[in-house]
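Enquirer: Have a look at this one.
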Amino acid sequence: SFSRALAFLSPYGCGRTTLESGAVRELLRNAATMKWKLFASVCLGFAATANGAVDTSSPAYQQRYGTLGGGGARRGSRREERRGYAQANSASSLARTDEYQINCRVFDSQCPDLHRVQYADLPPRGWKCRNSEECGGGFCNTRSGACECKYLSAGPDCQNWRMLHKEWEFMRRRDGLPEDALPDAQTMRMLMRGVPLPVILSTMINQWALVQDPTTSERDVWVRKKLANEVKFLIAAGTKAIESTDERLDLTAHLVECMQSVNTGVTWATKNLLRFNQLEQVLHAGIEEYGADWFYELIPILLDFRDHPNVNFDINTVFEDRHNHTLLSLAGHGSFYGAMEILLDYGANPTDQTMLRCVRMGDVQCLEILLDAGADPLAEEAKDEWGRTPLEVARLTEHLHYTKTYPVLLEAVKDRLPADYDEHLPGIWGKYGPPQARRAIGANETEVECGANGLCTVASTGDYDTVY
């Protein structure tokens, strides 16, 4: 019905639709009445601006989409008026004593000097704050209705974050310094305005989850460029500023944040694709179909500073508060294959607990990446808490139809196995199975014969009552 279509075409429903969305094209193709075509063009206009794909006031947009029911171009002009497009020179709090100003007509995602945090909506024209909560952590001057931003926040509602690399670029050019020059410690402290470097880095890394698909969204292209350049500047200038001091930067913690950001970005990308596509079309969305290079872009930027004297970093750190994960196993657990390859290139140990996690998830590609990097499925350090190697754990799941990890590991080590090794008999349960399986079989620490009575085979299915 028309009401259901209207609900689908609402801003919430169209928020992440791309210009080539199959749903929108199908609706336009089958439009039977002018009102259907009008609402389809409205959704198309919202999708374009929501993704930063086009400027609806541009002649190119009006020429291509303005004739769709006559609503596209008018929608853009009304939307521009409603959102306000605040002028940079109207915010006196943005002016700096060294003459640097935010050089943006609009405080949106495309402003190179600022990052719009979490793609927050712009306030309407003439907006005035009523309390400090509306000022993004700043202070609301209730007499004037203007926000007084603190630290690195900026803009009429303080929902923007300053891009320090752009500010330094202005200062560097003003002073005639070379392009690769970095600020000294005093200048860097001035730029950070009292905000600790780890806090700024964490903020930028967390915001990286917004970059979900720069192949179709111009907004993501802008944000990807800004945040990548900002992280490059922060890690280079920040480590230089703390040289010859006792201050340390915990690079390992920031790489864990990178994994969390990758997980959030992939989750959002998958969710948004599932809203408009069939499930089988978006499995591993953002990883296999989209290449996903951008998801992992910050990881090598940070890793390049792993040897800095003021940086604390161990690529093989075991995080006890994260179920004994390492950076590599976090990447493997999320099937972030690009991140795994980067970490292995930078020296991560392929023969750690990551293989066991890949086996338990039935992730063959994860195992192949580890084996190509030199992982040993029979190594002592790769064993689990019951003393089982990844090969033995994979052998226990051989009968399960959804996992093919055992043949992969067996092929990798078959030349090292004893001549009497039984490749398929699940007799290993008598020695290494869970406690309830060992009790049911009547074994303790010695393997039992399982071929004749099938006890181990039944135990491997978890049917302990039958075993008894």
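The values are calculated or read from the model by the stated rules, or taken from the named source; none is laboratory data. Bear in mind that the values here come from a model prediction, so they are computed numbers and not experimental data. Every residue, glycine as well, gets a Cβ built from its backbone with ideal geometry; the counts of neighbours run over all protein chains shown. Surface accessibility is based on the protein's heavy atoms, side chains included, excluding ligands, DNA and RNA. Shrake-Rupley method; radii C 1.70, N 1.55, O 1.52, S 1.80 Å.
Enquirer: Among the residues in region 219-237, are any in a helix (DSSP H, G or I), of a type in the set (Asp, Glu), more than 20 Å from residue 110 (Cβ to Cβ) and modelled with pLDDT of 90 or more?
Expert: Scanning region 219-237, I find no residue that is in a helix (DSSP H, G or I), of a type in the set (Asp, Glu), more than 20 Å from residue 110 (Cβ to Cβ) and modelled with pLDDT of 90 or more, so the answer is no.
Enquirer: To continue, here is another question. Restricting to region 238-275, and then to whatever is modelled with pLDDT of 85 or more and charged (D, E, K, R), can you tell me which residue is surrounded by the most Cβ atoms within 10 Å (Cβ to Cβ)?
Expert: 257
Enquirer: Can you name the residue in region 307-343 that is charged (D, E, K, R) and over 30 Å from residue 243 (Cβ atoms) and is also surrounded by the most Cβ atoms within 10 Å (Cβ to Cβ) among such residues? Talk me through it step by step, then tell me what you get.
Expert: Kept after step one, since they are charged (D, E, K, R), are these residues of region 307-343: 307, 314, 320-322, 341.
Pick out the ones that are also over 30 Å from residue 243 (Cβ atoms) and you get 320-322, 341.
Values: 320: 8, 321: 6, 322: 13, 341: 16.
Only one residue tops the list, namely 341.
Enquirer: Out of the residues in region 134-147 meeting the condition of being under 17 Å from residue 160 (Cβ atoms) and without any contact (Cβ under 8 Å) to a residue 12 or more places away in the chain, tell me which one is farthest from the chain's Cα centre (by Cα).
Expert: We begin by selecting, within region 134-147, every residue under 17 Å from residue 160 (Cβ atoms); these are 134-140, 146-147.
Right, trim to without any contact (Cβ under 8 Å) to a residue 12 or more places away in the chain and you get 139-140.
Details: 139: 32, 140: 33 Å.
Ranking the qualifying residues of region 134-147, first place goes to 140.
Enquirer: Here is a list: 376, 422, 384. Which entry is part of a loop (DSSP other than H, G, I, E, B), at pLDDT 90 or above, among the acidic types (Asp, Glu) and on the phi < 0 side of the Ramachandran plot? Outline the logic, then answer.
Expert: Details: 422 fails: at pLDDT 90 or above; 384 fails: at pLDDT 90 or above.
Being part of a loop (DSSP other than H, G, I, E, B), at pLDDT 90 or above, among the acidic types (Asp, Glu) and on the phi < 0 side of the Ramachandran plot holds for just one of 376, 422, 384, which is 376.
Enquirer: Could I ask something else about it? Given region 94-165, what strands (runs of 3 or more DSSP E) lie entirely inside it while holding 1 or more residues that are within 17 Å of residue 191 (Cβ to Cβ)?
Expert: Details: elements: 114-116, 139-141, 146-148, 160-162.
Fully inside region 94-165 and qualifying: 114-116, 160-162.
Enquirer: Using beta carbons and a limit of 6 Å, which pairs, at least six apart or on different chains, have the first residue in region 104-119 and without any contact (Cβ under 8 Å) to a residue 40 or more places away in the chain and the second one of a type outside the set (Asp, Glu) and surrounded by fewer than 18 Cβ atoms within 10 Å (Cβ to Cβ)?
Expert: Short answer, once both residue conditions are applied: 106/85.
Enquirer: For residue 445, are the conditions met, namely being at pLDDT 85 or above, part of a loop (DSSP other than H, G, I, E, B) and under 29 Å from residue 323 (Cβ atoms)?
Expert: Criteria not met by residue 445.
Enquirer: Out of (1) closer than 20 Å to residue 348 by Cβ; (2) in contact with a Leu (Cβ under 8 Å, 6 or more places away or on another chain); (3) at pLDDT below 95; (4) not charged (D, E, K, R), the odd one out for residue 287 is which?
Expert: Residue 287 satisfies every listed condition except (2).
Enquirer: Still on this model: For region 169-203, what are the residues that are in contact (Cβ under 8 Å) with a residue 12 or more places away in the chain and in a loop (DSSP other than H, G, I, E, B)?
Expert: 182, 183, 184, 193, 194, 195
Enquirer: Could you please let me know if residue 346 is open to solvent by 30 Å² or more (accessible area, probe 1.4 Å), under 22 Å from the mean Cα position of the chain (by Cα) and of a type in the set (Phe, Trp, Tyr)? First the steps, then the outcome.
Expert: Details: open to solvent by 30 Å² or more (accessible area, probe 1.4 Å): yes; under 22 Å from the mean Cα position of the chain (by Cα): yes; of a type in the set (Phe, Trp, Tyr): yes.
The answer is yes for residue 346.
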